[in-house]
1. Rounded to the nearest 0.05, what FRET efficiency do GLU142 and LEU110 have when you use their Cβ-Cβ distance and R0 = 30 Å?
2. Taking 30 Å as R0, compute the FRET efficiency from the Cβ-Cβ separation of LEU117 and ARG64 and round it to 0.05.
3. Quote the FRET efficiency, to the nearest 0.05, computed for ASN71 versus GLU30 with a Förster distance R0 of 22 Å and r equal to the Cβ-Cβ distance.
4. Would you tally the net charge around THR140, using a Cβ to Cβ cut-off of less than 12 Å, leaving THR140 out, and scoring K and R as +1, D and E as -1?
Amino acid sequence: IARLYGAFIMGFDQGRELVENSGVPLLTPEEFRALLDHERAIVRWLLENEQFGLSDDVKAALTRIDSTIFNATDSAEYLAQLGYPVVRNLLTFTARGLAHVERIGGRLSLAGVPIHLLVQGSLLFVVSNYAHLAAFSASTPELNAYIQYQLRRLGIDENTKLEEIDHDSG
């Protein structure tokens, strides 16, 4: 439907506004302030954790996001709306990446790709930030259902400990 009527809808100011706001959950100001706290915690963890091995470009982008979140004078609601798509996309990318690795990981390993580092880094991120990720995804029912499905599939819950991730396998 979006492909058929997208251009028509985007031809109107109200249609563009609806599309622009479609990725933002409908929350109260208090819920947005709580969402911002979770966004901040996730971004800070990514910047401070050396084990995650982010590229310089990704670190630079996250540093700009972190600076915007911490130093801006805009309202918490506005900042949470800005950060929402970034963190949402990070979560869905991580979940999709792990699912894809599950399907072709053996072939990548046989080709010499150190795929275990991606898996370990992703699991470290998820387990270390479980509470923030769960609270963040709870802001949108569809995102929450997807993230909870992926966590169940991976056998991760609020009781999973970092020690349960084998950092020396490969």
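Nothing in this text is a laboratory measurement; each read-out follows from the coordinates by a stated rule. Here the structure is a predicted model, which is why all the values come from computation and not from measurement. Positions of Cβ are generated from backbone atoms using ideal geometry, with glycine treated the same way; all protein chains shown enter the neighbour counts.
1. Working from the Cβ atoms, E equals 0.25.
2. So, using R0 = 30 Å, E works out to roughly 0.75.
3. Numbers: r = 22 Å, r/R0 = 1.01.
Working from the Cβ atoms, E equals 0.50.
4. -1
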